[in-house]
Amino acid sequence: MIESPALMETAPVVGPLPTVVPPVAARSALANGLDVVLVQRQVAPIVSAALMIRSGGGVDAPSKAGLASLTAEMLDEGAGARDALGIADELERLGADLWLGSGRDGSQLSLQAPRETFAAALDIAADVLIRPRLSDGDWERVLHDRRTACVQRRDQPEAVVGVVSDRVLFGDDHPYGRPTEGLEQTIAHLTLDDVRGFHSGYWRPNHASLVVAGDFDEAQLRERLDAVFAEWKAAPVPVAPTPPPWPPRPRLVIVDRPGASQSVVRLVAPGTNRLSVDRSGLAMLNAILGGSFTSRLNFNLREKNGFTYGASSSFAFLHHPGSFAVRSAVFAESTAPAVREMLSELSGLRERPASAEEHAKARATLLMRVAESLSTTGGIAATFGEIGLYDLPLDEPLRFAAALERTTADDLRTLAARYIDPDAASIVIVGDRAVIEPGLRELGLPAAVAYDADGERLP
């Protein structure tokens, strides 16, 4: 028998966490009103940029859900003197990556390139941003692809439960109640003129922020930004509608998938917004509940009971109050027991307050995530891009870290009582109704309300 080395007889001791030191950021504005944040990081010869437009799917009209997303997708289908293939070929030659997309609260253009080619890549990005072609031929192709994606989404249980959960929680009249990609019936109403109108209305410098992070000469970069964005003009931006209050919600919703061997389960309830003073505490509470691999939910459903490969939870901190969600995919026969354990863990946050170990681990986990987000040029651009999107102060990473340090276990108990109510959660399940509903009724839940894969309530 081989004896273990002496050093393996004693568990390693975790030392104090290092202090989070964010990079120095300098904020200014161009003549057209574009908010600019420059963050120098000379560890590698790479430059990353994130341009955030402060409007996304949340301003889409109910009948035109998907417009913001399709507008972002259309911009690099041809711009300036280049068609889509020309843009792709030129970016490849420069070793650059360009990405466009749209979320709930904002739309984004991201760019990354080597230091030597960033200026040339920025020229392409400016064409895409300011001078998109928005041609009929490109629109027909993009629209066809989006319609196909909306149809295919119905066969993806994880995507379906997300669509249905949002419509159940927020309602159809709320900007967060519809998928940012749209629905088949809303995509059918969109035209290229709608895209042109969204671009001219919202993609304006006075409604945007730009972050550039990496290895660059600041004076040369500022001169370059002034030149490439000179033609981008400020203009009034449409006022976003005020969202309605939370609607009444069914307790149990099932999207029937006969023969499904798994059930995809989502518990959803109202959360809070991005500017909430409770955000740091809720982030810690979530890390304990389902925000890490060692969380209570994952230990219960995966390690203890073997219902699933994983379970998690999250808060969506958005411009308007977002959602609190618990999620897992479980074996069909384990659906009712898994739901019972999920509800039990929500109650447990009140009945079993965070231990000293859980509190310390949650704080350490979140501090490490802050440090990790600031460890690369792309992460820095994304972090400060979010700061620009929500008009936060540049020291937001430090403010968040300081708030984590101040948050006590008693604070978490108070937040759990205020925000985590298992009786207020809607339970949305995509699975075989005939198999799973009897067990759910035995839990004391009401009869299920049936929805289809697009989130339409069925008779």
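The values are calculated or read from the model by the stated rules, or taken from the named source; none is laboratory data. From a predicted model like this one, the values you see are computed outputs, not experimental measurements. No Cβ is skipped: glycine too gets one built from the backbone with ideal geometry, and neighbour counts run over all protein chains shown.
Determine whether segment 161-175 contains at least one residue that is without any contact (Cβ under 8 Å) to a residue 60 or more places away in the chain, of a type in the set (S, T, N, Q), in a helix (DSSP H, G or I) and surrounded by 15 or more Cβ atoms within 10 Å (Cβ to Cβ). For segment 161-175, residues without any contact (Cβ under 8 Å) to a residue 60 or more places away in the chain, of a type in the set (S, T, N, Q), in a helix (DSSP H, G or I) and surrounded by 15 or more Cβ atoms within 10 Å (Cβ to Cβ): absent. For Pro22, the conditions (1) modelled with pLDDT under 95; (2) of a type outside the set (Gly, Ala, Ser); (3) assigned to a loop (DSSP other than H, G, I, E, B); (4) over 30 Å from Glu405 (Cβ atoms) all hold with the exception of (4).
Comparison of Ala287, Ala381, Ala283 shows that the only residue that is in contact with a Phe, Trp or Tyr (Cβ under 9 Å, 6 or more places away or on another chain) and buried (at least 22 other Cβ atoms within 10 Å of the Cβ) is Ala283.
Evaluate the following for Val211: is it out of contact with any strand residue (DSSP E or B) (no Cβ under 6 Å at 6 or more places or on another chain), closer than 27 Å to Leu394 by Cα and either among the β-branched types (Val, Ile, Thr) or not assigned by TED's automatic domain parsing to the domain that holds Gly106 (or both)? No. Annotation note: of Val253, Val237, Val228, the sole residue that is more than 29 Å from the chain's Cα centre (by Cα) and buried (at least 17 other Cβ atoms within 10 Å of the Cβ) is Val228. Residues in segment 343-380 that are of a type in the set (D, E, K, R), within 27 Å of Ala417 (Cα to Cα), without any contact (Cβ under 8 Å) to a residue 12 or more places away in the chain and assigned to a helix (DSSP H, G or I): 3 in all. In the set (1) over 30 Å from Val212 (Cα atoms); (2) at pLDDT below 95, Leu440 fails one condition alone, (2).
For first residues located in segment 25-37 and free of Cβ contacts under 8 Å to residues at least 12 places away in the same chain, partners that are assigned to a strand (DSSP E or B) and lie 6+ apart or on another chain with Cβ distances below 8 Å form the pairs Ala29/Asp35; Ala29/Val36. State whether the residues of segment 226-240 include one that is touching a residue at least 24 places away in the same chain (Cβ under 8 Å) and assigned to a helix (DSSP H, G or I). Yes, the conditions are met somewhere in segment 226-240. The listed residues are Leu129, Leu109, Leu143, Leu134, and the only one of them that is of a type in the set (A, V, I, L, M), within 26 Å of the chain's Cα centre (by Cα), under 24 Å from Gly58 (Cβ atoms) and not in a helix (DSSP H, G or I) turns out to be Leu109.
Note on segment 181-202: among residues that are more than 25 Å from the chain's Cα centre (by Cα) and either modelled with pLDDT under 95 or crowded, with 19+ Cβ neighbours inside 10 Å (or both), the one that is nearest to Pro241 (Cα to Cα) is His189.
A quick yes/no check of all residues on (1) out of contact with any helix residue (DSSP H, G or I) (no Cβ under 7 Å at 6 or more places or on another chain); (2) crowded, with 21+ Cβ neighbours inside 10 Å; (3) among the charged types (D, E, K, R):
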position	(1), (2), (3)
Phe331	yes, no, no
Pro337	yes, no, no
Ser344	yes, no, no
Arg350	no, no, yes
Ser355	yes, no, no
Ala362	no, yes, no
Thr365	no, no, no
Ala371	yes, no, no
Ser375	yes, no, no
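Criterion applied to Leu94, Leu38 was being within 16 Å of Ala126 (Cα to Cα), touching a helix residue (DSSP H, G or I) at 6+ places or on another chain (Cβ under 7 Å) and at pLDDT 95 or above, and the one residue passing it is Leu94.
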